[in-house]
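Have a look at the structure below, then the notes.
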Amino acid sequence: MFNIVLLEPRMPGNVGTIGRLAYATGSVLHLIKPYGFGDITEKEVRRAGLDYWQFLEVHEYDNIEDFWSKNPFGDRHFMATTKTNQAYFDMQYLPNDYFYFGREDAGLPEELLNQSIETCINIPMVNDARSLNIANSVSVIVYDAIRQNFKVFKAQ
């Protein structure tokens, strides 16, 4: 239903958890290298993804240019970041939208955010916490997109 894009993920457990979420929501998982771990066959990825991983639609890319050559960049590509004041719940999402999430230790690069300032979104927090866990962030945003498109989601 949606496209979850992880740019250079560092932690295999997060990738596995997000893969499990992608399967449960009918989303496609896009993984852009380099990873902060060996590869997606590692034990930590499989453990967090449980036995769903074999059913998940997952694609790997060597870099962001490789990803964009197969998924052209457009106005339906949303960048999750702490570097904007535009809340995720103020946007309208459509089936097949792309949601980008950056490295756990650095987020999305500034040059990527600057390419699409109007589609940068954040998850508001009530205090000075730096960020949420990436798997939690993916869950919050994807499930709001499902909420907005629930009739389409149920029909699948």
- Is at least one residue of region 121-132 closer than 17 Å to Leu6 by Cβ and in contact with a Gly (Cβ under 8 Å, 6 or more places away or on another chain)? yes
- Query: Considering region 15-29 alone, what residues qualify as being modelled with pLDDT of 90 or more and over 11 Å from the mean Cα position of the chain (by Cα)?
  - Reply: Thr17, Arg20, Tyr23, Ala24, Thr25, Gly26
- Item | Residue in region 111-120 that is within 18 Å of Gly19 (Cα to Cα), among the hydrophobic types (A, V, I, L, M, F, W, C) and out of contact with any Ser or Thr (no Cβ under 7 Å at 6 or more places or on another chain) present | no
- Output for region 69-83, where each listed residue is of a type in the set (Ser, Thr, Tyr) and more than 14 Å from Gly102 (Cα to Cα): Ser69
- Return a yes/no flag: does region 96-103 have any residue that is loosely packed, with under 11 Cβ neighbours inside 10 Å and either aromatic (Phe, Trp, Tyr) or under 16 Å from the mean Cα position of the chain (by Cα) (or both). no
- Are there any pairs with C-beta distances below 8 angstrom linking a residue in region 138-156 that is over 16 Å from Ile123 (Cβ atoms) to a residue that is among the small types (Gly, Ala, Ser) and at pLDDT 85 or above, with the two at least 6 apart or on different chains, and if so which? Phe153/Gly26; Gln156/Gly26
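Here's the yes/no breakdown for (1) more than 19 Å from Ala135 (Cβ to Cβ); (2) in contact with an Asp or Glu (Cβ under 8 Å, 6 or more places away or on another chain):
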| position | (1), (2) |
| --- | --- |
| Gly13 | no, yes |
| Gly19 | no, no |
| Gly26 | no, no |
| Leu29 | no, yes |
| Trp68 | yes, no |
| Asn71 | yes, no |
| Tyr88 | no, yes |
- Query: Here are some conditions: (1) within 20 Å of Pro34 (Cα to Cα); (2) loosely packed, with under 14 Cβ neighbours inside 10 Å; (3) in contact with a Lys or Arg (Cβ under 7 Å, 6 or more places away or on another chain). Ser69 meets all but one. Which one does it not meet?
  - Reply: (3)
- Any chance region 6-21 includes a residue that's assigned to a helix (DSSP H, G or I) and farther than 23 Å from Asp144 by Cβ? yes
- Note on the structure: How many residues of region 5-33 are buried (at least 22 other Cβ atoms within 10 Å of the Cβ), within 14 Å of Tyr52 (Cβ to Cβ) and either touching a strand residue (DSSP E or B) at 6+ places or on another chain (Cβ under 8 Å) or hydroxyl-bearing (Ser, Thr, Tyr) (or both)? The answer is 7
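The values are calculated or read from the model by the stated rules, or taken from the named source; none is laboratory data. Just so it is clear, the structure is predicted and the values come from calculations on it, not from any experiment. Ideal geometry is used to build each Cβ from the backbone, glycine not excepted, and the neighbour counts take in all protein chains shown.
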